[in-house]
Amino acid sequence: MTATANGEEFQSSESLEQFITTPSSITKNDGIYMVYISGFDISLGFENTKAVIIWAVGEDFSSLKIGKTWDSPLVDFLHEGVIANYYEADVTDDDENDEDDNPNLEEVDNIYLKITAIDFENQKFSGEFSFAGKPKTVHPLM
């Protein structure tokens, strides 16, 4: 996976392929299906891991094909939608309680996922995605 996250290049580390054998998958269960894609950047070491994770849920498995898009946020796992998360490991020792520098997303909007290739036999897919979000703001009590 390659992406731009917080204005910087994100590339999933190839060295993780031996540990994470399914960076994308498709599952079907009880009338719904879910597609999942993840990428982990460990180029700066495990202590500085960055991750992008996306889930999309649908109700009609027959609609899952090349060109399928999601552009509405996932509200619950019983209705169609997509959700994403961006994560950076917090390894700084200074200002432990400073939430202003937290890059991890709590609110995601302007989300989009499109399938560009699909392999049902191996339960894998490729696609394009974009999303924007912001970290959770914590206001200290006065």
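The values are calculated or read from the model by the stated rules, or taken from the named source; none is laboratory data. Only a predicted model underlies this, so the values are computations on that prediction, with no experimental measurement involved. Note that each Cβ is placed from the backbone with ideal geometry, even for glycine, and that neighbours are counted across all protein chains shown. Accessible surface is based on the protein model in full, side chains and every heavy atom, while ligands, DNA and RNA are left aside. Shrake-Rupley method; radii C 1.70, N 1.55, O 1.52, S 1.80 Å.
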Within the range 99-122, how many residues are open to solvent by 100 Å² or more (accessible area, probe 1.4 Å) and either modelled with pLDDT of 80 or more or not charged (D, E, K, R) (or both)? 2
Could you grab me the full set of residues in the range 65-86 that are surrounded by 12 or more Cβ atoms within 10 Å (Cβ to Cβ), hydrophobic (A, V, I, L, M, F, W, C) and either over 28 Å from GLU121 (Cβ atoms) or in contact with a Ser or Thr (Cβ under 8 Å, 6 or more places away or on another chain) (or both)? ILE66, VAL82
What number of residues in the range 1-59 are at pLDDT 80 or above, assigned to a loop (DSSP other than H, G, I, E, B) and open to solvent by 80 Å² or more (accessible area, probe 1.4 Å)? 1
Starting from the range 3-27, keep only residues that are within 28 Å of SER63 (Cα to Cα), then list their pairs with residues that are open to solvent by less than 30 Å² (accessible area, probe 1.4 Å) and at pLDDT below 75 whose Cβ atoms are within a distance under 9 Å, requiring at least 6 positions of separation or different chains. PRO23/LEU16
